[in-house]
Each structure stands twice: as structure tokens, then as C-alpha cells.
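Student: So that we are looking at the same thing, I have put the structure below in C-alpha cells.
The values are calculated or read from the model by the stated rules, or taken from the named source; none is laboratory data. Every value quoted in this text rests on a predicted model; they were computed, and no experiment measured them. Positions of Cβ are generated from backbone atoms using ideal geometry, with glycine treated the same way; all protein chains shown enter the neighbour counts.
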Amino acid sequence: MVSPVRLYNTLSQSLEPLEPLEPGHVRIYLCGLTTYDHAHLGHARTNSTFDVLVRFLRARGLRVTFVRNVTDVDDKILHRAAELCEDPLTFSARMAHVNDGELKCVGCLVPDHEPRVSGHLDDIVRLIEALIARDAAYVVDTGDVYFAVRGFAEYGKLSHRNLDDLRVGARVEADDRKRDPLDFALWKASGDQTWGWPSPWGRGRPGWHIECSAMAARYLGEHFDIHGGGMDLIFPHHENEIAQSEAVWGAPFAKLWMHAGFLNVDTEKMSKSLGNFVTIRDVLATNDPEAIRYFFLGAHYRGPIDFDVERRGERVVFPGLDEAEARVDYLYGACDALTRIAGNAEPEVSDVIPGVASVIRNAEARVLSALAKDLNTPVALAVLGDLAKAANELALQVGKLKKDPKRYEGAVRLAAAGLEVFRRCTTPLGLMQVASDVYVARTRGRRLAQRGLDAASIDAKVEERTRARTQKDFARSDAIRAELTGLGVELLDFGGVTGWKIPL
RNA sequence: GGUGCGGUAGCCAAGCGGUUAGGCACCGGUUUGCAAAACCGGCACACGUGGGUUCAAAUCCCAUCCGCACCUCCA
């Protein structure tokens, strides 16, 4: 029997069993990016977290509707577009496309819906009208519309603060148009000259928070299962979403609120304002996208992750990513070993090598049960490590079984079964989604380029060494290896064949 | 001032009341012409500090120190 899925709910500050409102169908809304710049690793972490959630739930056999919005209307976009002398919507559409590619690159599935603010002005305006009609919001003479925070008794229930606490340390600017300093804009008047849309209150743009309520309701309904984002969205963004949504629809908005922890650099949060952010794109010059994902999954999603940046002379290296990438190398290597053994054999968990068979038999259940415990990805990765070790063990033993055809056949089928289990274990994690030769080719290409090496000249050296070895000229052979080692190339002698790789 | 998150062996990181996950590094071994890779074994009987509860605490309670974040836009 499978264990229930338990997830941490920011609202209740405790683990809760996932009980979809519609049995068998989980509806998830994730706050996506504001499209004015490249996605940084913090975005990658949050998105990877929710990607694992979606993949995992699907692997459990649940139907998932996953919505991730695109904030394509925002002041930052307006300013950036102005700098670039580009139309703001054209600019944000372009950046949305870039960001999509960046997230896809780190293994995130394309959401079922990616609604944009610019395509949902009607929904937004209608929602604001409904809020005004209920006296939950008010229009000021400049044409702005504010949500009246005091009218929503439960304001603060997500971030666990109350209005008075907020006021004491609040750095909110005095604004006499607002009834309460914490009231937030639903609609911002933009004047005739600047970017905006017509509305009953004049030309303007929606405030940041209202879009999510409108778009979540459009694609998931006014009440749905899981709403997520980074921890920095708890207040005020998600708090405000709850206020405006529940004020108008009168029922709980999202049932479960999940928040991913920060990615820190030198223990400080990676953020645009601190200027310490590293984009996904930056990292791709030195590391494989799978390394990024593996790196994130190595820690629980709610805790902080420290991202190290080290300068070695001219080069910038990311030690955490290097370590992760070495592990990904190891996993692909183990898979590759299985592939070579398995051929087209029918998968079967044969007990020819009991220790190996037992790891293969239990791996998937172990991964799924780890993920069921509030997405315990570190434990899931440990299972992957066990699986890889078992695969290598199998590769080591299989040769010895050759003289016993029946047992050899069993080992071959076990390898095929191992491959299948590998796939079942890595799919919910979004890891190892390409064939190992694809991975090896792309990492090798990148590492060669990084070191200014080319494969042909390495192959030539290797051939020369092989000739020396056949003539038992070990002094020459070792000299060549030392030379290559100095360049960062590692030689691997398998019987008479010599391969090479460039380790991290 | 308020509200959260975190402090686990050299490093990263699970565990959150009772059989010490895992990884990196390091040290032996198998293997190899020598290496590498792979495998086997050793690795640390660690849990910020001080009290308390309990037969039993890294895990619960109280106090306290340190780091970070949020309360303005931020994933």
C-alpha cells in the first residue's frame, strides 16, 4: 500500500495529507516570472521544486493540472523596455520565451497553462469590479483602486502576522490616498501617455497581486489544491491574493500553500537588488543543466541552499555544481553499463545476484515514499546512488557468469530491469531524461571548449600511447598520460581499449 | 519591534523520541604494466549552548547564543 502524500502547508505550518478537492485530480498554481530579465538560479530552484511535485504526483497516477503564470505587465518591464527602446509587450513576450527556454533547460516540464496578464485584462477588471461592489476595494480620485485590508478580518493568516505588527516596522510610504498604509493597489492609473488598458476607472494597469487571483480562478477555479512560489512571496503577494480572493468568493482560495526556500550566495539571499544573482545562462558555460537540478535536489526544498562561487585565477567555478555534476556523471555511467549488458533483453528481476536484485526491486517504492514525505529529494537521490552502485556491481559480476548461460541470461534480464527501474526512479525527479550518450556528448563538448581542447588531438595522443603500450614502452605511455592529465584529460583503459573523459 | 527559516562529524546534507540515510574529501584493499574508472572496507558513535521532561532526546519543553530572510519590488 502506498503511503499518503504529505506536504507542508505554510497556512497551517504543518504537514498535511494531500486530499485533492476533486478525487484523483490535483490543481496547482505556481507564481512564475516577471519577464524582464534572464531567469536566475533562485527561479530555477523554485521551479524545479514544483516540477518535482508535478512529476511525482503524476508518477503516483494522479491527474495534475499545472498552471504557471507569466507576469508580462509590470513597471520593471516598462522601464527595461524603455531602456531598450522596445515596445513593453513585445519585450516581455520575447523575455517570456527566453525564460521558458531557461526553465525547460533545467528540466522543468511545460505547464498545462501559462496565462499572461496581458491576455486576461477582462478577468482582472471584472474581479476588481466585484471587489468594489462588495466594498472590499475602493476607487480614489486619481483612478487607482485599492484593496481595503482592514475589511478582511483574516488578513495575515498566511504570513502569521497581524496588521498592528506590520505597521510598527513597516517601511510603507505614507500615501494619503490610501485608507490604510497597507492597502494595496488593484489597479494603477497610468495616464494617457504610458502603457495601459482602458477600465471603468480610466486607463491603467493591474496591480501585481490581482492577476494571480484572476488567472488561477480562470484555469483552476475559485478554490483549488496547491498554490506555490518562493518564500519571498508569502508576504505580501500571497497574503494579498488570499485577501482579495476570499473577500470576493467567500471561500478558502488555495487549500495548501507551498513555498520553496532561498538560494543564498555567501549566506545572503540571491536577488536582483543585491546584485549577487547568477543566471541559469551564466552557469551553462561551466556546468550541465542536470547538475543544477541535482544540486537543488540534494537539499530539502524548504531549507536554504548556499551557492558557492569561487574564483580560480581567470576562471569562475561553482564547487557545488561541480560536485553535483560529478554525481550525474556517475549515474549516467551506471546506466550506460546496464545498457551495454541489457541489449534488447526482456526485463526481469532475476535473483542471480541477490543483493543487486533487491536494490532494483525496492528502488522505485523507496523513491516514491521519500517524495511522499514532503518531497524528500535528498533521500530519493540516495536511492539513485544505491541503484547506480548495484548497476556497477552487476556490471562487475556479469562477466563471471558467462560460463553459466542460464545465470548469465538472468543477469542480462536483471540489467534490463535495472534500466527500467532507473527510468521510473528518475522521471519523478526530472533527472536523466536523455540517453547517456547524449549527456556524455554534451558535457564532453562543453568541457573541451572550457579547457580549450579538441577531441581530435586527444584521440591522436591516445592512439600514440596505445602504440607505445603495445610495444611495452611504458615510459613513453606514462609520459603521454601525464601530459594529458596535465591538460585535464583522464584516460580509462578497458582491456585493450582506451577511452577518455574530462572530469570536473 | 514583529514574523519565519536555519545552526548535524573536515565539507554538503537526511533524520525530528529508541535499529547512527547518503554524498564529497581522506585512508586502506580488489583490479591495473602503472594509473583512472568501478567495487569492497575504514572514516568520524556528530547533532550551537545551558537547563528540564522521559526508562530513552539530534529529535519534546524552557532559556540562550549565532546566521539569514521577510515586514518596499523580489522565486
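Student: Which one of these is closer than 29 Å to residue A:60 by Cα and not polar (S, T, N, Q): A:418, A:445? It would help to see each step written out before you state the result.
Tutor: Numbers: A:445 fails: closer than 29 Å to residue A:60 by Cα.
A:418 is the lone residue from the list that is closer than 29 Å to residue A:60 by Cα and not polar (S, T, N, Q).
Student: Another one. Would you say residue A:149 is at pLDDT 95 or above, surrounded by 15 or more Cβ atoms within 10 Å (Cβ to Cβ) and either assigned by TED's automatic domain parsing to the domain that holds residue A:229 or more than 30 Å from the chain's Cα centre (by Cα) (or both)? If you could, list the steps in order and put the result at the bottom.
Tutor: Numbers: at pLDDT 95 or above: no; surrounded by 15 or more Cβ atoms within 10 Å (Cβ to Cβ): yes; either assigned by TED's automatic domain parsing to the domain that holds residue A:229 or more than 30 Å from the chain's Cα centre (by Cα) (or both): yes.
Criteria not met by residue A:149.
Student: Next question, about the same structure. Look through the stretch A:188-222, keep the residues that are touching an Asp or Glu at 6+ places or on another chain (Cβ under 6 Å) and either crowded, with 19+ Cβ neighbours inside 10 Å or aliphatic (A, V, I, L, M) (or both), and return whichever of them is nearest to residue A:236 (Cα to Cα).
Tutor: A:209
Student: Out of all the residues in the stretch A:133-146, which are crowded, with 20+ Cβ neighbours inside 10 Å and outside any loop (DSSP other than H, G, I, E, B)?
Tutor: Passing the criteria: A:137, A:145, A:146.
Student: Determine, yes or no, whether residue A:262 is within 12 Å of RNA strand B (Cβ to nearest atom) and in contact with a Pro (Cβ under 6 Å, 6 or more places away or on another chain). Full working, then the answer.
Tutor: On the way: within 12 Å of RNA strand B (Cβ to nearest atom): yes; in contact with a Pro (Cβ under 6 Å, 6 or more places away or on another chain): yes.
Judged against the criteria, residue A:262 is a match.
Student: If a residue counts only when it is among the β-branched types (Val, Ile, Thr), which strands (runs of 3 or more DSSP E) contained entirely in the stretch A:10-116 have at least 3 such residues? Reasoning before the result, please.
Tutor: Values: elements: A:14-17, A:25-30, A:63-68.
Passing ranges, in order: A:63-68.
Student: Test of understanding: among A:128, A:124, which residue is in contact with a Pro (Cβ under 6 Å, 6 or more places away or on another chain), farther than 30 Å from residue A:282 by Cα and of a type in the set (A, V, I, L, M)?
Tutor: A:124
Student: Go through (1) touching a residue at least 24 places away in the same chain (Cβ under 8 Å); (2) within 14 Å of RNA strand B (Cβ to nearest atom); (3) charged (D, E, K, R) for residue A:400 and report which single condition fails.
Tutor: Only one criterion is unmet by residue A:400, namely (1).
Student: Scanning for something within 27 Å of residue A:82 (Cβ to Cβ), of a type in the set (A, V, I, L, M, F, W, C), out of contact with any strand residue (DSSP E or B) (no Cβ under 6 Å at 6 or more places or on another chain) and away from RNA strand B (no atom under 16 Å from the Cβ), does the stretch A:197-208 turn up at least one residue?
Tutor: Residues of the stretch A:197-208 within 27 Å of residue A:82 (Cβ to Cβ): A:197-199, A:201-208.
Those left that are additionally of a type in the set (A, V, I, L, M, F, W, C): A:197, A:201, A:208.
Now narrow it down to the ones that are out of contact with any strand residue (DSSP E or B) (no Cβ under 6 Å at 6 or more places or on another chain): A:197, A:208.
Keeping just the survivors that are away from RNA strand B (no atom under 16 Å from the Cβ) gives A:197.
So far as the stretch A:197-208 goes, yes, one or more of its residues are within 27 Å of residue A:82 (Cβ to Cβ), of a type in the set (A, V, I, L, M, F, W, C), out of contact with any strand residue (DSSP E or B) (no Cβ under 6 Å at 6 or more places or on another chain) and away from RNA strand B (no atom under 16 Å from the Cβ).
Student: Something else about it: I'd like to check something: does the stretch A:190-199 contain any residue that is of a type in the set (S, T, N, Q), touching a helix residue (DSSP H, G or I) at 6+ places or on another chain (Cβ under 6 Å) and outside any loop (DSSP other than H, G, I, E, B)? Spell out how you get there, then give the answer.
Tutor: Restricting attention to the stretch A:190-199, the residues satisfying the condition of being of a type in the set (S, T, N, Q) are A:190, A:193-194, A:199.
Now drop any that are not touching a helix residue (DSSP H, G or I) at 6+ places or on another chain (Cβ under 6 Å), which leaves A:199.
Okay, now just the ones that are also outside any loop (DSSP other than H, G, I, E, B), so none.
Scanning the stretch A:190-199 turns up no residue that is of a type in the set (S, T, N, Q), touching a helix residue (DSSP H, G or I) at 6+ places or on another chain (Cβ under 6 Å) and outside any loop (DSSP other than H, G, I, E, B).
Student: Among A:72, A:87, which is the only one that is assigned by TED's automatic domain parsing to the domain that holds residue A:101 and either surrounded by fewer than 19 Cβ atoms within 10 Å (Cβ to Cβ) or without any contact (Cβ under 8 Å) to a residue 40 or more places away in the chain (or both)? Break it down stepwise before answering.
Tutor: Details: A:72 fails: either surrounded by fewer than 19 Cβ atoms within 10 Å (Cβ to Cβ) or without any contact (Cβ under 8 Å) to a residue 40 or more places away in the chain (or both).
A:87 is the lone residue from the list that is assigned by TED's automatic domain parsing to the domain that holds residue A:101 and either surrounded by fewer than 19 Cβ atoms within 10 Å (Cβ to Cβ) or without any contact (Cβ under 8 Å) to a residue 40 or more places away in the chain (or both).
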